[in-house]
Amino acid sequence: MAATRDIDGFDGEVVAPDDAGYDEARAIWNAMHDKRPALVAYCHSTADVAAAVRHARAEGLAIAVRSGGHSLPGHSTCDGGIVIDLRGLNSIEVDPVGRRARVGGGALLGELDAVTQEHGLVVPAGVVSHTGVAGLTLGGGVGRQMRRLGLTIDSLLGVELVTATGEVVRVDAATNRDLFWAMRGGGGNFGIVTEFEFRAHEMGDLMVLATFNPIEEAARVLALAADVPVMAPDELLWTSFLRRAQPQPWLPPEWEGTLGVVSLIEWSGDLEEGRRVLGELAEQVAAPVSELAQVPFLALQTAGDELFGPGKRSYVKAGYLDDLSPAAIATLIEVASEVGSPFSQVEVLAVGGAIARVDADATAFPHRDAAWLVNIPASWVDASEDEREMNWARNVYRAIEPLMTGGAYVNFMGDDEVDHEAIAYGPTLERLRRVKAEWDPENVFRLNQNIVPASAEEVA
Ligand SMILES: Cc1cc2nc3c(=O)[nH]c(=O)nc-3n(C[C@H](O)[C@H](O)[C@H](O)COP(=O)(O)OP(=O)(O)OC[C@H]3O[C@@H](n4cnc5c(N)ncnc54)[C@H](O)[C@@H]3O)c2cc1C
């Protein structure tokens, strides 16, 4: 039986399978997830979101929540249920004096960056501008300011939330405190955020060193990065990408397709000091191709937009390392070198800094002590390559797994993890399950890295 498309109290647009535009309405960033929802509800207001939740429950429809649509495991779409789309809620207001930003639940990072940068400010978030603020924030949020300013959740002051019963509640450090704790790392398990309130920070241009070394030099270059999480100042960010070189403004075309390591070394402090520090690093990295330049923040935030554009097929594995040891480096280089697709890569991100200085139990994000985040996003175009590319990512992960800590960043996980709750939430899981039981006992919001509500006996 077809779902009823008339939603009581809803002023947005509804798209159903027979409507023109249905294929566009059901698409998400990762083309692997070719699902057919019964309804796509484009919301314009908090009231629309609440109406859509109540309708879904009355009709018995599964709920997929979509903001930026970048869910790698495809949780923002579903077969036969309702997609509640928040892109219409993308207003952004900045208070430059109080350094606060109110951000609609459907805003994209690029929209947030553009408005905050008008005031020389930033809300620390991710590195690709078409990613949604909502999904990224609720999982934690790693990005280019993380070592200096912490995770995105560390700048979160509060949210407006539509709950599983369709009520609208405020959640912050004073109101619904346990829920505020859980929402900072617990993903979209507790309700639908219609507005975020963030602390904003000063942010100007950065100094950036981009280099490319062929794979034979990768071990030497990665070893140079090994002390960054503990020894380097917070202003320094060092991300390594083991991959085939792709077109970049600073990379001569003859290098394209060559297997090697791209190092993106960024300095977000005093520019002259950055020029000196990165200049010294450039000598040590000794890359055949490199560029050291002062770069406006917005230019850097959009530099990867095309390479990581929508419509490709993607699969991800990820985890954490305590130590970028010679054994870890050798293993990563060996297995990464088997890469097929020009769009796949192994990313090695130095974390630590401000992330590690927040108390372990202050938020539900459990991986604050980790030094290295290893992300293995495979990306390709043709469905005939699905098995090969997924197997490549799995092989890289399998090889490095014995050296990893056992946990994973919830936003870099696929949909096929055995025991995903323990991997994503680790020591915070039991408390998260109790908060889930209080706010969503029937698991209405289950299309996510799901937290099963604690049972009545467990809560007692
Ligand atoms: C190209 C690309 C670049 C990325 N870069 C980074 C990065 O730099 N840093 C980083 O930390 N992560 C990054 N990620 C991972 C990203 O954080 C997750 O994919 C995240 O889920 C995307 O959020 P979204 O709103 O775009 O996704 P959506 O697909 O819209 O949502 C994903 C999930 O988030 C939840 N959700 C979404 N909106 C809401 C809402 N309003 N209220 C409650 N729950 C909601 C739902 O559970 C939903 O299933 C990247 C992903 C991609 C594809």
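Annotations
- In the range 226-239, the residues that are surrounded by fewer than 23 Cβ atoms within 10 Å (Cβ to Cβ) and not in a strand (DSSP E or B): Ala226, Asp227, Val230, Met231, Ala232, Pro233, Asp234, Glu235
- Restricting the range 59-72 to residues that are assigned to a loop (DSSP other than H, G, I, E, B) and more than 8 Å from the ligand (Cβ to nearest atom) leaves a set whose member that is surrounded by the most Cβ atoms within 10 Å (Cβ to Cβ) is Leu61.
- Scope the range 171-192; condition in a strand (DSSP E or B) and within 17 Å of Asp154 (Cα to Cα); matching residues: Val171, Asp172
- Filter result for Gly88 (assigned to a loop (DSSP other than H, G, I, E, B) and within 9 Å of the ligand (Cβ to nearest atom)): no
- When Ser337 is tested against the conditions (1) within 13 Å of the ligand (Cβ to nearest atom); (2) in contact (Cβ under 8 Å) with a residue 12 or more places away in the chain; (3) over 20 Å from Asp415 (Cα atoms), the lone failure is (1).
- Residues that are more than 17 Å from the chain's Cα centre (by Cα) and of a type in the set (D, E, K, R) within the range 291-305 comprise just one, Glu291.
- Screening Arg243 with (1) within 16 Å of the ligand (Cβ to nearest atom); (2) assigned to a helix (DSSP H, G or I) gives one miss only, at (2).
- Sole exception among (1) under 23 Å from the mean Cα position of the chain (by Cα); (2) surrounded by 23 or more Cβ atoms within 10 Å (Cβ to Cβ); (3) assigned to a loop (DSSP other than H, G, I, E, B) for Pro37, by number: (1)
Each row is one residue, and each column tells you yes or no for (1) of a type in the set (Asp, Glu); (2) part of a loop (DSSP other than H, G, I, E, B); (3) away from the ligand (no atom under 14 Å from the Cβ).
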| site | (1), (2), (3) |
| --- | --- |
| Arg388 | no, no, yes |
| Glu421 | yes, no, yes |
| Arg431 | no, no, yes |
| Pro441 | no, yes, yes |
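- Test: residue in the range 110-133 that is within 12 Å of the ligand (Cβ to nearest atom) and part of a strand (DSSP E or B): yes
- Filter result for Gly143 (within 14 Å of the chain's Cα centre (by Cα) and small (Gly, Ala, Ser)): yes
- Residues (part of a helix (DSSP H, G or I) and either more than 9 Å from the ligand (Cβ to nearest atom) or surrounded by fewer than 23 Cβ atoms within 10 Å (Cβ to Cβ) (or both)) located in the range 134-148: Arg147, Arg148
- Condition check for Ser71: out of contact with any strand residue (DSSP E or B) (no Cβ under 6 Å at 6 or more places or on another chain) and in the same structural domain as Thr165 (by TED's automatic domain parsing): no
- Failed condition for Leu298, given (1) within 16 Å of the ligand (Cβ to nearest atom); (2) in contact with a Leu (Cβ under 8 Å, 6 or more places away or on another chain); (3) over 20 Å from Glu347 (Cβ atoms): (2)
The values are calculated or read from the model by the stated rules, or taken from the named source; none is laboratory data. Note that this is a predicted model, so its numbers are computed, not measured. Positions of Cβ are backbone-derived with ideal geometry, glycine not excepted, and every protein chain shown enters the neighbour counts.
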